[in-house]
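As structure tokens, the structure follows; a few thoughts come after it.
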Amino acid sequence: MFRYVLLFLLLSTYASAQKNPDSLEVYSRDSLRYTNLKARMSKTKFSRAVYRLLFRDVYNQGKVTEVKEIETNPFTPYEGMVIRKIYIRQLDILGESVYDTTREGKRLEKFLSKNLHTNTREGIIRRSFLLFSEGDDIQAQMLKDNERLLRTNRTITDARIIVVPRKDVTWMADVVVLIQDSWSLNFRGGFNSFNKFNIGVEDINVRGTTHSQLTRIRWDGNDSLRKKFQFRTIYTVPYIGKTFITGQASFIYERDLEERSIRFYRRFLTNETKYAGAVETGQTMIRQIKRNPSDTEEPIIFPTKFNYYDVWLGRSFKFPFPASRLAENSRIVIAARHNKYHYTERPEVSPYINKVYWNKSATLLSLGYSNRNYKRDVLIYGFGRTEDVPVGNLFALTAGREDTEFGARGYAGLQYARGKYLPHNLGYMYGLINIGSYIKEAKAQQGVISAQLNYISNLIPFRYSFFRQFFTGRYTRGVNRDPLDYLNISGNEGIRGINSEQLIGTTRLTLGTETVFFSDKSLLGFRIAYFVFADIGLVNGAESIWKSPLYQGYGLGLRLRNENLTFNTLQLRIGYYPNIPGNSSVFRFGADGNVPLRLRDFDISAPSIAPLQ
């Protein structure tokens, strides 16, 4: 039923567009058609549920759900047509939607959109964000990739590309790019007294250029390290011209972190991207607090300071056997990387301890196979924005050599990942295996064996809204690690809601489940999601992991988020932790800003050392 309704809407929209292909007014008819459809579908309980599934009216009607599932590339029918004109349509940040172009916001929303926000400049979008130009032939995959890339930029909440065939010239078409910006200016801060406070401002779209500027200051008159004044500023240029190269400069002077760095990088943005790489250099000081797994009570505090540079370059090639079923959306990638780290402050080192703090330089090579595609979905980690779910797999081999102050050693690593939607609408499954180790005198050093499995159910209807079920399993084992090089079972990688430096070791196993209910209510444009969770985990400490207590955490809470704003998701949580060491109470309440997660992609980046995390 859902697909027939969606097909009717798409056909009616295209039919309307062909009546007047030279004008953007055709898109204003979308809204009338949606409104009429809503009236016809409001007569029965079932048809109302169908409408709520397909469309959202969060700003005008208080509804919060939308599913736009497109199984095939919507641009395929226009393959090979010539692009006559490109229209850029920039929507208000509040009130409007890329799927309903004439939805009107309330007075306050209109005032905020028009007076307190500067939309991204049209010239910037044309020059730096589009993979196509007027006069080009339409390539369906390129348009689909470009739509996804627009949505990955943090200055943009949502984006949609629409092809409008011309009626008078059948081999030509116009392309309309609908852009809805995110709120660009954010303030944050805290005040305890005039002797201790912090304030920060971030503009993620400086004067509509898509550049971002973060500045934050802290003052603590009682700081024991005599760093009363603390400061950080980070400036980012997302794309430099038409190169799709991102540039970033950072200057941080804080109590536990000092950093001066500059970085330029380019990812494998699409399957058609031939070159990717990065150049980075800087100086960093980190004040670290460590504990020994055999004696977690006594903290070990020391600063580390180092200078570094890091360079890598990758080249992708089409799959050599085009007739193979492995060739579609696939690339073979070779890459090389060289970096150097020199410590000026560090703990005591020797050929046998604290290898992570050795002065060193490394050269790594990788050969990989990447197959990736994307499927549109909503209400996974977002609250209504279009989410591009990666589908595909990745296989990469990495090998190299590291020269250190205590001699040279080799490195070898393997990574495999796969993600797919399961048949029979059973949901989405993602798996990852990562293995790597340094090798010296035929013995492993600082090795890692890790595996991860994620499951996300389909949206499950419940009354007037939906819920999803999430499951995550993680296993990580460190091989011949140093005592101060360990894993922590608490936090996002283990039992959420706690931060205990006593739950450490070199082997960790965690299982977590979460049920999220996306409410059909909203509060001042903020969508609401309720959740319950359960986490359990083992960590080996000084003994075998199987002798570890089964650490547990259970809880519930709610999240609030407006996708048009760049604030972190507000999360309120209460948890029950029956056996966490050092807990003064088995119940713990938390309120924090939760950064929205994104699904892991299958693009191959720099050759890297398997991380212990």
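Worth pointing out:
- The residue that is surrounded by the fewest Cβ atoms within 10 Å (Cβ to Cβ), among those in the range 382-406 that are of a type in the set (Asp, Glu) and in contact with a strand residue (DSSP E or B) (Cβ under 7 Å, 6 or more places away or on another chain), is 403.
- Residue among 108, 112 that alone is loosely packed, with under 14 Cβ neighbours inside 10 Å, modelled with pLDDT under 90 and either assigned by TED's automatic domain parsing to the domain that holds residue 381 or not in a loop (DSSP other than H, G, I, E, B) (or both): 108
- Of all residues assigned to the range 376-399, at least one qualifies as being closer than 30 Å to residue 320 by Cα, among the acidic types (Asp, Glu) and in contact with a Phe, Trp or Tyr (Cβ under 8 Å, 6 or more places away or on another chain).
- Any hit, the range 273-292, residues being farther than 30 Å from residue 216 by Cβ and at pLDDT below 85: yes
- Exactly one residue among 145, 158, 220, 203 is among the acidic types (Asp, Glu), without any contact (Cβ under 8 Å) to a residue 40 or more places away in the chain and touching a Leu at 6+ places or on another chain (Cβ under 9 Å), and that residue is 203.
- When 337, 315 are checked against the criterion of being outside the structural domain of residue 146 (by TED's automatic domain parsing), under 22 Å from residue 243 (Cβ atoms), assigned to a strand (DSSP E or B) and touching a residue at least 60 places away in the same chain (Cβ under 8 Å), 337 stands alone in meeting it.
- Residue-level check: of (1) hydroxyl-bearing (Ser, Thr, Tyr); (2) outside any loop (DSSP other than H, G, I, E, B); (3) surrounded by fewer than 13 Cβ atoms within 10 Å (Cβ to Cβ), residue 261 misses just (3).
- Some residue of the range 168-179 being out of contact with any strand residue (DSSP E or B) (no Cβ under 8 Å at 6 or more places or on another chain) and closer than 24 Å to residue 273 by Cβ: no
- Applying the set (1) modelled with pLDDT of 85 or more; (2) over 30 Å from residue 487 (Cβ atoms) to residue 323 leaves exactly one unmet item: (1).
- Exactly one residue out of 383, 395 is in the same structural domain as residue 306 (by TED's automatic domain parsing), part of a loop (DSSP other than H, G, I, E, B) and among the aromatic types (Phe, Trp, Tyr), and it is 383.
- Test: residue 400 is at pLDDT 90 or above and either of a type outside the set (Phe, Trp, Tyr) or within 23 Å of residue 607 (Cα to Cα) (or both): yes
- Residue check, residue 266 crowded, with 17+ Cβ neighbours inside 10 Å, in contact (Cβ under 8 Å) with a residue 12 or more places away in the chain and more than 28 Å from the chain's Cα centre (by Cα): no
- Restricting the range 575-593 to residues that are surrounded by 14 or more Cβ atoms within 10 Å (Cβ to Cβ) and not in a loop (DSSP other than H, G, I, E, B), the residue that is modelled with the lowest pLDDT: 590
- Candidates 550, 560, 484, 570, filtered to the one that is assigned by TED's automatic domain parsing to the domain that holds residue 452, in contact with a Lys or Arg (Cβ under 9 Å, 6 or more places away or on another chain) and either farther than 30 Å from residue 151 by Cβ or among the acidic types (Asp, Glu) (or both): 484
- Filtered residue count, the range 473-489, keeping only those that are within 21 Å of the chain's Cα centre (by Cα) and crowded, with 18+ Cβ neighbours inside 10 Å: 1
- Scanning the range 271-312 for residues being buried (at least 16 other Cβ atoms within 10 Å of the Cβ) and not in a strand (DSSP E or B) gives a total of 3.
- Residue among 364, 379 that is more than 27 Å from residue 504 (Cα to Cα), at pLDDT below 90, surrounded by 19 or more Cβ atoms within 10 Å (Cβ to Cβ) and touching a strand residue (DSSP E or B) at 6+ places or on another chain (Cβ under 8 Å): 379
- Residue 467 being in the same structural domain as residue 375 (by TED's automatic domain parsing), surrounded by 15 or more Cβ atoms within 10 Å (Cβ to Cβ) and over 30 Å from residue 326 (Cβ atoms): yes
- Any hit, the range 238-249, residues being of a type in the set (Val, Ile, Thr), over 26 Å from the mean Cα position of the chain (by Cα) and crowded, with 16+ Cβ neighbours inside 10 Å: no
- Qualifying positions in the range 520-546 - of a type outside the set (A, V, I, L, M), crowded, with 18+ Cβ neighbours inside 10 Å and at negative phi: 520, 522, 526, 527, 531, 533, 535, 537, 540
The values are calculated or read from the model by the stated rules, or taken from the named source; none is laboratory data. Keep in mind it's a predicted model, so treat the numbers as computed, not measured. Ideal geometry is used to build each Cβ from the backbone, glycine not excepted, and the neighbour counts take in all protein chains shown.
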